[in-house]
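The structure appears right after this line, and notes come after that.
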Protein chains: 2
Amino acid sequence: MDQPDTLPQIDHQHATFTDGLTLECGVHLPRHTVAYRTYGRLNAERSNAILACHALTGDQYLAETNPLTGKPGWWEQVVGPGRPVDTDRFFVICANVLGGCMGSTGPRDPGPDGTPWGTDFPPITIRDMVRAQKRLIEHLGIARLFAVIGGSMGGMQVLDWAAAYPDAVFSAIPVATASYHSAKNIAFHEVGRQAIFADPDFQEGRYWQSARIPARGLAVARMAAHITYLSEQALTRKFGRKVQAGPAGSLFGEMFQVESYLHHQGSTFVRRFDANSYLTITRAMDYFDLAAEHGGDLAAAFRGSRTRFCVVSFSSDWLFPTAESRAIARALNRAAANVSFVEIASDKGHDAFLLDEPDFHRTLAGFLAGCAEHAGLAG
Amino acid sequence: MDQPDTLPQIDHQHATFTDGLTLECGVHLPRHTVAYRTYGRLNAERSNAILACHALTGDQYLAETNPLTGKPGWWEQVVGPGRPVDTDRFFVICANVLGGCMGSTGPRDPGPDGTPWGTDFPPITIRDMVRAQKRLIEHLGIARLFAVIGGSMGGMQVLDWAAAYPDAVFSAIPVATASYHSAKNIAFHEVGRQAIFADPDFQEGRYWQSARIPARGLAVARMAAHITYLSEQALTRKFGRKVQAGPAGSLFGEMFQVESYLHHQGSTFVRRFDANSYLTITRAMDYFDLAAEHGGDLAAAFRGSRTRFCVVSFSSDWLFPTAESRAIARALNRAAANVSFVEIASDKGHDAFLLDEPDFHRTLAGFLAGCAEHAGLAG
């Protein structure tokens, strides 16, 4: 892979497939790579595998130190030995999504002319991401996943897995997600994209030609998105109207702490994420509409499914409100599927799925234990 | 006034004060201008004047065609002959806020060195805006306003008027507002400001030196803000996931209608608003915290007030939620003030105060009629 920008180059564990992948947009990728990590051990029956799907800006390093940021994995509170998703019992797989920037094929990779794809990278859908993951699962010798789990965009992948490959998914846990992206959420994504486009360092996506990346635009995109991940209560509790010393020229010499926090979110993000990947993946989320693929009836996506579902939402999540999870649960009910629906009381907003939420973690552990019994999985 | 940018130059009706205005930040303006418009006629007793305060990006043209945009005034549904604020009965005044870009003294005006102030324009507070309006009211020969009314930042001015000049305010109608700006709202403002700063055409605020304005950054700021003005229901009803033909290179040749709408909001905004004014005025809102000026007790701001208050909120407003209006009403109750509080059921979000909301309009007309009786104002 060329070095198209200033993101550090890391040799991620990966599988490369040379048998071709035709994307939903019609473009054929003759070869593609899926970067992934695994935790725990696959049992002899190959029946204890759990696929965890990451969110928009997540990656495959969910239960170990991230080699790029040096920070803990994004789901260490959920996945690990003795954790709700117990790696002493389960074999957990997490793959960087297609279109991402952590080793799976994406806009930083060379396109047909040998230079990086950039904005010419073909549009990716959630289904494309899921199909790339399916190849990886087969490559690992797994015919059926014990569970697929994920929050936010990860939850969209969970729903799509269950709809596309019902026989390969024993249980499915879509968390803090929706079966389609709402007008409000598309609007927030578009603000972020416009911020990136507005940065002259974006250079129509060909920023690898210079030493500069569109850091300012990408930081603004991240700041706008980050607000949507938090609840009003969380922002008020964390920051309220507290001020701190501001840079020269700031009003009364002060700045609000919430501003400083957003600046930090923006500036750290641009050191770990690629702008073209951000454009590609936000687009994939925007285009997700599972019912639309089934004549407008979400229940039709799950008709006849034997998958056991646990749909989880958080009460203060205004990006993916509980109403959207309830709509999923109702569609599953209409399809006579096996579904439980849990709204976790939390004041932490959308980000709650990544945080210390004991009720959520108990729900996960309990549902997985119940499914293990049904599956006859050794304890 | 110099021509610091590409906004058209308009000769706005105005009053210029040469007796000096010392701002809250300590800066002394030896002269300042307040641009304003009036509607209806002041009665002989000078007792029928209503001051309408505009919101962040509003201006003084509330009940007539805007000379800059050619569009109807922003409150023509509320203010005019036979309207809820009836100009056959009342004399309505609206002034461009200090720091604005429609004729009142602001960052486009020449500073001490003769070049435009730009970002060196002193920080303005809501109180500064109110004090400039007070000078105008005195200039017009009015000792006491029959009412002060305004929505959003206009509502902040209403609250500040009532707190600063209780004897000059017979009745006060703060609409869709709060007594302080929340962490979430500060965060959204900061995203907009960062988008402006990120635009190289901003040139640290000295963009009048070139022929370019920071149009891209300002457009992104407007887009982010605009989302917060609408409710989820309004966005879904207006746009949902409807698509239209997109520009070349768009995914599947389409774009979402909500994206096109946001682009339109951004591109029209930059033709009527100045980026430095946007920075100045958003800051003024962020710093508004009426209770903080009174030892943390909002009730203390209104102790002993004889003003009659009507506090109005809209049920789907998530920028200034009903809870913040209720907190104002409770503080007024604690101060034993005369207050009614009305939450209007609406699915139009924060923008409802600008739109056709019959319940809101009936509330206004009824409250003003009641106050007119109490004031002994001839019908």
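The values are calculated or read from the model by the stated rules, or taken from the named source; none is laboratory data. All of these numbers come straight from a predicted model, not from anything done at the bench. So basically every Cβ, Gly included, is an ideal-geometry build from the backbone, and we count neighbours across all protein chains shown. What goes into the accessible areas is simple: the full protein's heavy atoms, side chains included, and nothing from ligands, DNA or RNA. Shrake-Rupley method; radii C 1.70, N 1.55, O 1.52, S 1.80 Å.
Among the residues of the stretch A:345-369 satisfying the criterion of being free of Cβ contacts under 8 Å to residues at least 40 places away in the same chain and out of contact with any Ser or Thr (no Cβ under 7 Å at 6 or more places or on another chain), which is nearest to A:Val78 (Cα to Cα)?
A:Pro358
If the requirement is being in contact with an Asp or Glu (Cβ under 7 Å, 6 or more places away or on another chain), farther than 28 Å from A:Gly304 by Cα and not assigned by TED's automatic domain parsing to the domain that holds A:Arg306, which of these qualifies: A:Arg206, A:Arg222, A:Arg216, A:Arg193?
Numbers: A:Arg206 fails: in contact with an Asp or Glu (Cβ under 7 Å, 6 or more places away or on another chain); A:Arg222 fails: in contact with an Asp or Glu (Cβ under 7 Å, 6 or more places away or on another chain); A:Arg193 fails: in contact with an Asp or Glu (Cβ under 7 Å, 6 or more places away or on another chain).
After applying the criteria, what remains is A:Arg216.
Could you tell me which residue of the stretch A:246-263 is nearest to the other protein chains (Cβ to nearest Cβ), considering only residues that are without any contact (Cβ under 8 Å) to a residue 12 or more places away in the chain and of a type in the set (A, V, I, L, M)?
Once the filter is applied, the top-ranked residue is A:Leu251.
Failed condition for B:Ile10, given (1) out of contact with any Pro (no Cβ under 6 Å at 6 or more places or on another chain); (2) open to solvent by less than 60 Å² (accessible area, probe 1.4 Å), with all others met?
Failed condition: (1).
Which numbered condition in (1) within 14 Å of chain B (Cβ to nearest Cβ); (2) outside any helix (DSSP H, G or I) is the only one that A:Glu204 fails?
(2)
Within the stretch B:136-195, can you find the residues that are within 30 Å of A:Gly217 (Cα to Cα) and under 13 Å from the mean Cα position of the chain (by Cα)?
Going through the stretch B:136-195, the residues within 30 Å of A:Gly217 (Cα to Cα) turn out to be B:152-153, B:180-195.
Selection gives B:Ser152, B:Met153.
In the stretch B:207-225, how many residues are surrounded by 21 or more Cβ atoms within 10 Å (Cβ to Cβ), of a type outside the set (A, V, I, L, M, F, W, C) and more than 10 Å from chain A (Cβ to nearest Cβ)?
1
On the basis of being more than 9 Å from chain B (Cβ to nearest Cβ), closer than 20 Å to A:Phe197 by Cα and in a helix (DSSP H, G or I), does A:Thr228 make the cut? Show your work before the answer.
On the way: more than 9 Å from chain B (Cβ to nearest Cβ): yes; closer than 20 Å to A:Phe197 by Cα: no; in a helix (DSSP H, G or I): yes.
So A:Thr228 does not fit the description; no.
Kindly provide the set of residues from the stretch A:81-96 that are in a loop (DSSP other than H, G, I, E, B) and of a type in the set (A, V, I, L, M, F, W, C), ordered by number.
Within the stretch A:81-96, the subset in a loop (DSSP other than H, G, I, E, B) is A:81-84, A:87-90, A:96.
Once the filter is applied, which keeps residues that are in a loop (DSSP other than H, G, I, E, B) and of a type in the set (A, V, I, L, M, F, W, C), the stretch A:81-96 yields only A:Phe90.
If B:Leu319 passes every condition in (1) in a loop (DSSP other than H, G, I, E, B); (2) surrounded by fewer than 16 Cβ atoms within 10 Å (Cβ to Cβ); (3) within 14 Å of another protein chain (Cβ to nearest Cβ) but one, which one does it miss?
Result: B:Leu319 passes all but (2).
Return a yes/no flag: does the stretch B:69-79 have any residue that is at pLDDT 95 or above, open to solvent by 40 Å² or more (accessible area, probe 1.4 Å), under 20 Å from B:Ala49 (Cβ atoms) and touching a Ser or Thr at 6+ places or on another chain (Cβ under 8 Å).
no
The rows are residues; the columns are (1) more than 9 Å from chain B (Cβ to nearest Cβ); (2) modelled with pLDDT under 95; (3) outside any helix (DSSP H, G or I); (4) touching a Phe, Trp or Tyr at 6+ places or on another chain (Cβ under 9 Å).
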{"residue": "A:Gln244", "(1), (2), (3), (4)": "yes, yes, yes, yes"}
{"residue": "A:Phe273", "(1), (2), (3), (4)": "yes, no, yes, no"}
{"residue": "A:Met285", "(1), (2), (3), (4)": "yes, no, no, no"}
{"residue": "A:Glu293", "(1), (2), (3), (4)": "yes, yes, no, no"}
{"residue": "A:Arg306", "(1), (2), (3), (4)": "yes, no, yes, yes"}
{"residue": "A:Cys310", "(1), (2), (3), (4)": "yes, no, yes, yes"}
{"residue": "A:Ser313", "(1), (2), (3), (4)": "yes, no, yes, yes"}
{"residue": "A:Ser325", "(1), (2), (3), (4)": "yes, no, no, yes"}
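Residue under question is B:Val339, and the condition is that it be more than 10 Å from chain A (Cβ to nearest Cβ), over 30 Å from B:Pro116 (Cβ atoms), within 23 Å of the chain's Cα centre (by Cα) and open to solvent by 10 Å² or more (accessible area, probe 1.4 Å); does it hold?
Working: more than 10 Å from chain A (Cβ to nearest Cβ): yes; over 30 Å from B:Pro116 (Cβ atoms): yes; within 23 Å of the chain's Cα centre (by Cα): yes; open to solvent by 10 Å² or more (accessible area, probe 1.4 Å): yes.
Criteria met by B:Val339.
Please state which one of B:Gly58, B:Gly99 is open to solvent by less than 10 Å² (accessible area, probe 1.4 Å), within 17 Å of B:Met153 (Cα to Cα), assigned to a loop (DSSP other than H, G, I, E, B) and among the small types (Gly, Ala, Ser).
Values: B:Gly58 fails: open to solvent by less than 10 Å² (accessible area, probe 1.4 Å).
Result of the check over B:Gly58, B:Gly99: B:Gly99.
When you look at B:Ala163, is it modelled with pLDDT of 95 or more and either part of a helix (DSSP H, G or I) or surrounded by fewer than 21 Cβ atoms within 10 Å (Cβ to Cβ) (or both), yes or no? Steps first, please.
Details: modelled with pLDDT of 95 or more: yes; either part of a helix (DSSP H, G or I) or surrounded by fewer than 21 Cβ atoms within 10 Å (Cβ to Cβ) (or both): yes.
For B:Ala163, the condition - modelled with pLDDT of 95 or more and either part of a helix (DSSP H, G or I) or surrounded by fewer than 21 Cβ atoms within 10 Å (Cβ to Cβ) (or both) - is met.
Need the failing condition index for B:Ser171 against (1) among the small types (Gly, Ala, Ser); (2) in contact (Cβ under 8 Å) with a residue 12 or more places away in the chain; (3) surrounded by fewer than 22 Cβ atoms within 10 Å (Cβ to Cβ), just the number.
(3)
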